[in-house]
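The structure under discussion appears below in the form of structure tokens.
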Ligand SMILES: [Zn+2]
């Protein structure tokens, strides 16, 4: 989104407004106009507003700042058969995300200003705000730094070679030093691949049962430890992407206690699913005890791990050790998953199931709802920097980027309903509770699900 048309007044009434940035959690009315939030008060009578406002009745719904995803694979340019900026942005709107950050592992990779411009131009008509992440190394090859200053001047918000680690420690040191001076985080895909050659899933009893090469948690933790040491050495802003192991969470907790400039993210699937889902029973232990079916939609890096790792990631998210949830939305075409587990691509299509997935631990009491919303708004904005805090609050004058959702609505995931071209999720056919009712960007409704508005059809 580049320019926002001025929007007429829009009054959202009766919703539970949760605005973690301002410590707000209560039933309130919300007035939006001219693309920004005008006010949040217990009661705002429609007849007190000039300009005949549209009214959305949000009784029973939660109203919150729109979600920010700092880890989205949009696949364009180069892999438009997996996803395009348009389809990925539409999926984001359906998922309640109002800002997404495009990862640079495209073809060509986003390692120079021309490709940044191309992506920004393609995103100009997208229904949500699309930010761009630039490569750390030229051509993502891990041999020499990309021109980080050029990328920064072109408007990238972070740097990452995600999909691959920056294997060379000296190069990572240099990247963190430049990142420090440019005020941009380096997002690290932690994987010491010498520890997991050919690894396909978490190393454990399930990988043994399936006869698949394992990926030990140490492959992630060894790289996270290196990067933490380099963050301390350089003072650069290190962001650890998609953490999945209890050991990694413990290291980040210790690093933050020591005041290191580190932030971290966890993905929705690592907060709910375990490696046992690879057996094909969608987590049902009775099914898992029968013949295994090798569900390739569970193949993802980092891999789904043990229940203890899931619990540690949840605890880290709840206590703020983990700053934010990020989707690592990784859409693939069917042929990339309709094959052997060995041949299948890594990745899960996440944008449209994220909220329903995240509401499961909220309903179980592992994380409070305001805390979860904080990790989807304030947390990711903090990773990106001060310029983004205005997208993570409902303070008057901030952009009217909002999500309305029904926290208890039960629905069954059907990939045929996805806006994303990526139908690759092990959650197909699974019932989740928590569904997006509407998404607004700059005061414009970019997605709505009329069935979820209880009174008067919503408007
Ligand atoms: Zn990654």
Worksheet item: So what's the angle, to the nearest 10 degrees on a 0 to 90 scale, between helix 354-364 and the longest Cα principal axis of the chain?
Response: 90
Discussion item. Counting only helical runs of four or more DSSP H residues, what would the 222 nm mean residue ellipticity of the chain come to if each run contributes -39,500 (n - 2.57) and the total is spread over all its residues?
Written reply: -8000 deg cm²/dmol
Worksheet entry | Distance-filtered residues of the stretch 157-190 - backbone nitrogen under 17 Å, label point 7 angstrom along residue 229 Cα→Cβ | 166-177, 190
Worksheet item: Which order, highest average first, do 69-79, 248-258 follow once you tally other Cβ atoms within 10 Å for each residue and take the mean per peptide?
Response: 69-79, 248-258
Discussion item. Can you tell me what share of the DSSP beta bridges in the chain is antiparallel? A percent to the nearest 5 is fine.
Written reply: 50
Fill in: Estimated inter-spin distance, residue 107 and residue 42, nm [label 7 Å along Cα→Cβ]
6.1
Worksheet item: Helix 113-123 sits at what angle to the longest principal axis of the chain, using alpha carbons and giving 0 to 90 degrees rounded to 10?
Response: 40
Practice prompt. Would you mind putting 392-401, 35-44 in packing order, based on average other-beta-carbon counts within 10 Å, highest first?
Written response: 392-401, 35-44
Worksheet entry | Cα long-axis angle, helix 217-234 against the chain (0 to 90 degrees, to the nearest 10) | 70
Worksheet item: In the stretch 149-291, what is the volume of the convex hull around the alpha carbon atoms, normalised per residue and reported in Å³?
Response: 117
Worksheet item: In the calculated pair distance distribution of the stretch 156-229, what percentage of Cα-Cα distances lie above 21 Å?
Response: 35
Worksheet item: In whole percent, what relative contact order does the chain give with Cα contacts below 8 Å and a gap of six or more residues?
Response: 20
Fill in: Percent of alpha-carbon pairs separated by more than 21 Å within the stretch 352-445
42
Worksheet entry | Expected-Rg normalisation [2.2 N^0.38 Å, Cα atoms] applied to the stretch 1-151 | 1.31
Worksheet item: Listed highest first by mean packing, meaning other Cβ atoms within 10 Å per residue, what order do 20-26, 149-155 come in?
Response: 149-155, 20-26
Worksheet item: Distances over 30 Å make up what percent of all Cα-Cα pairs in the stretch 78-391?
Response: 29
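No value in this document is a laboratory result; all are computed from the given coordinates. None of the values given here were measured: they were computed from a predicted structure. Reconstructed Cβ throughout: ideal geometry from the backbone, glycine too, with neighbour counts over all protein chains shown.
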